[in-house]
Amino acid sequence: MTIHPRPFDAEPLDPASQEAKHVQVRESLRRYLETYGDPGAAIPSERQLSEYFGVARMTVRQAIDALVAEEVLERIVGLGTFVARSKMDLHMKMTSYTEEMIRRGMVPDARVLAFEQQGASPLVARELQIEIGQPVVRFRRQLLADGEPMSVDENFIPAHRVTGILDDPPPTSLYNVLSEKYGLVMEWGEDTIEATAASPSIARLLNVELNAPLLKIQRHAYVARSMIDYSVSYYRADRYKLWVPLQRPGVRTPRAYSSKRLG
């Protein structure tokens, strides 16, 4: 919410109302934010809001707590309370990041951090089910939308499956190149999703605070029974929420669930 140049002028409380004061404060703030709230901007402090509405700070805190629970506002420890940025649903699907951002009306971009061949580390070898030291192609990127960092992706592919890929510039869409140049159309995959905290290097790349919450997704992608790609991605938890459709076995869905993974 932009406090300047316009002054904060939410609707005052109605002393004749039978509604609890914290509810009145909550709804007055909600209406103000719907009209003037800029995502990511700070709102006045509890003390300022207490003085503005003429209520106790505990009453203001109650109202703010409710709006935080609804994801209208978000608190950042040590900084204050801010208008929440809308979160993009993170649906799991093997499509390209570029396609997904364009579909959302955003301008996608990527900064290549590494595009090289190296020997598989013990971790990568275990995940790809290959020998330690076997050549793999490593492709690491910082993915952006409308100029803002959204995620950091790192892919590992057995080098013998993509001979000559390093002779060309880094691909804009990795899965498109795998499909069109090498005939490797990802048919299925397995994702492991967990919460984690931003390390110093990831925090810098995602423009978040050290130890900020992130979504970490590890993927194993297959063509038939052959694993082609192992990837690790870190998503900003303040910009994404996970959406997972559920279905009882044997029951047809009333709609076609399409999911997305920024790949």
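With respect to residue 34, is the statement that it is under 24 Å from residue 213 (Cα atoms) and not basic (Lys, Arg) true? Step through it out loud before you land on a result.
On the way: under 24 Å from residue 213 (Cα atoms): no; not basic (Lys, Arg): yes.
So residue 34 fails the test.
Residues of the stretch 64-117 being modelled with pLDDT under 85, over 30 Å from residue 190 (Cα atoms), among the small types (Gly, Ala, Ser) and in contact with a helix residue (DSSP H, G or I) (Cβ under 9 Å, 6 or more places away or on another chain), which ones?
Answer for the stretch 64-117, where residues must be modelled with pLDDT under 85, over 30 Å from residue 190 (Cα atoms), among the small types (Gly, Ala, Ser) and in contact with a helix residue (DSSP H, G or I) (Cβ under 9 Å, 6 or more places away or on another chain): just 84.
Being surrounded by 14 or more Cβ atoms within 10 Å (Cβ to Cβ) and either farther than 23 Å from residue 109 by Cα or outside the structural domain of residue 156 (by TED's automatic domain parsing) (or both) is the filter here, so list the residues in the stretch 167-185 that pass it.
Scanning the stretch 167-185 gives 182, 184.
Would you mind finding the one in 41, 56 that is out of contact with any Leu (no Cβ under 8 Å at 6 or more places or on another chain) and either modelled with pLDDT of 90 or more or buried (at least 18 other Cβ atoms within 10 Å of the Cβ) (or both)? If you could, list the steps in order and put the result at the bottom.
Numbers: 41 fails: either modelled with pLDDT of 90 or more or buried (at least 18 other Cβ atoms within 10 Å of the Cβ) (or both).
The conditions single out 56.
Could you check the stretch 28-85 and list, in sequence order, the residues that are part of a loop (DSSP other than H, G, I, E, B), closer than 25 Å to residue 14 by Cα and of a type outside the set (S, T, N, Q)?
37, 43, 44, 54, 55, 56, 70, 72
The values are calculated or read from the model by the stated rules, or taken from the named source; none is laboratory data. Quick caveat: nothing in here was measured; it's all calculated off a predicted structure. For neighbour counting, all protein chains shown are included, and Cβ atoms are generated from backbone atoms with ideal geometry for every residue, glycine included.
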